[in-house]
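The values are calculated or read from the model by the stated rules, or taken from the named source; none is laboratory data. What you are looking at is a predicted structure, and each value in this text was computed from that prediction instead of being measured. Note: ideal-geometry Cβ built from the backbone for every residue, glycine included; neighbour counts use all protein chains shown. Note: areas computed on protein heavy atoms with side chains; ligands, DNA, RNA excluded. Shrake-Rupley method; radii C 1.70, N 1.55, O 1.52, S 1.80 Å.
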Amino acid sequence: MTAEVNAHLDDAAYSMTDYNAGDFYAQLLTSFGIEHGGCAFGTLIVTSPRLAKKVWVARIWEYEIKEWVLLAHASAPQKFELPLAEGWTKYQQPYYQRNAFGEVTIWGSVKKNSAIERSDVIATLPRGFWPPAPFETPAMKFVDGAPVAVMIFVHGNGQISTSATTSTGGAALSFVITYAGQ
């Protein structure tokens, strides 16, 4: 492919930017084939192993490509270490991430070597990873190795805290939390 794929666009904002990647695979969807002088109207779907999980779609109108749309572009989410509040340490490294669909996932195990009070802040997520509304979610608390089902609270400002979970001594909390991000 060459820059010619963008020669007849109605709007340059709909350009295909990956035309020089090479090794393309394409599927033309049309009801008018070569017997009618080529593709008068149709859709061209293009991808390549070199495009790193991208799929381009072109709209063909009166024998010309009029616009390109990047239909899909997915990549593995980047994970970040969860910033723990004072008094909490990692038991199994806690992380958070956002996937291509906007879902935020937080997972790991944390521990506190002193008493756990109701509403103790465990961590605070940075803006952009906050939930659209506060919610309570299940977790596991381990006291002396014995598991107990508990709830933790994810606040609208990104704070993650204990709900009604209390402990007179140290304990570990394990959790996997997923929600639609803002």
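Between the alpha-carbon centers of region 51-88 and region 111-182, tell me the distance in whole angstrom.
Here the two parts' Cα centres lie 32 Å apart.
Work out, in µm²/s and without decimals, the Stokes-Einstein translational diffusion coefficient of the chain at 37 °C, 0.692 mPa s, Rh from Kirkwood over C-alpha pairs. Each step should come with its number before you reach the end.
On the way: Rh = 20.1 Å.
Translational diffusion coefficient: 164 µm²/s.
For the chain, what is the relative contact order in percent, using Cα pairs closer than 8 Å and at least 6 residues apart in sequence? Mind dumping the intermediate values first?
On the way: 426 pairs, mean separation 29.8, N = 182.
16 percent.
Evaluate the charge dipole of the chain about its Cα centre and quote only its size in Debye, nearest 20, assuming +1 on the Cβ of each Lys and Arg and -1 on the Cβ of each Asp and Glu. Let's see the in-between values first.
Working: 13 positive and 16 negative charges, 172 e Å.
Dipole magnitude for the chain comes out near 820 debye.
Stretch ALA12-THR30 to full length: gain in nm at 0.36 nm per residue minus the Cα-Cα span?
Numbers: separation 18, 0.36 × 18 = 6.48 nm, distance 2.39 nm.
Extending this stretch completely gives an extra 4.1 nm.
Starting from the exponent 0.38 and prefactor 2.2 Å, build the expected Rg for region 54-116 from its residue count and divide its actual Cα Rg by it. Don't skip to the end; give the middle numbers.
Details: Rg = 21.7 Å, N = 63, 2.2 N^0.38 = 10.6 Å.
Rg over 2.2 N^0.38 Å, computed on Cα atoms: 2.04.
Kindly report the accessible area of region 31-182 per residue (heavy atoms of protein chains, probe 1.4 Å, no ligands, DNA or RNA), in Å².
Numbers: 8400 Å² over 152 residues.
Per residue, region 31-182 has 55 Å² of solvent-accessible surface.
Take the Cα pairs of region 82-182, get the Kirkwood Rh, then feed it into Stokes-Einstein at 20 °C and 1.002 mPa s and tell me D in µm²/s. Numbers along the way, then the final one.
Details: Rh = 13.4 Å.
Answer from the Stokes-Einstein relation: 160 µm²/s.
Below 18 Å Cα-Cα, how many Lys pairs turn up in the chain? Only count pairs eight or more apart in sequence, or on different chains, if you could. Walk me through the numbers before you get to the answer.
Working: LYS79/LYS90; LYS90/LYS111; LYS90/LYS112; LYS90/LYS141; LYS111/LYS141; LYS112/LYS141.
For the chain, the number of qualifying lysine pairs is 6.
Out of the total accessible area of region 80-182 (probe 1.4 Å, heavy atoms of protein only), what percent is carbon and sulfur? Intermediate values should be presented prior to the final figure.
On the way: 2850 of 5300 Å².
Carbon-and-sulfur percentage of accessible area, whole number: 54.
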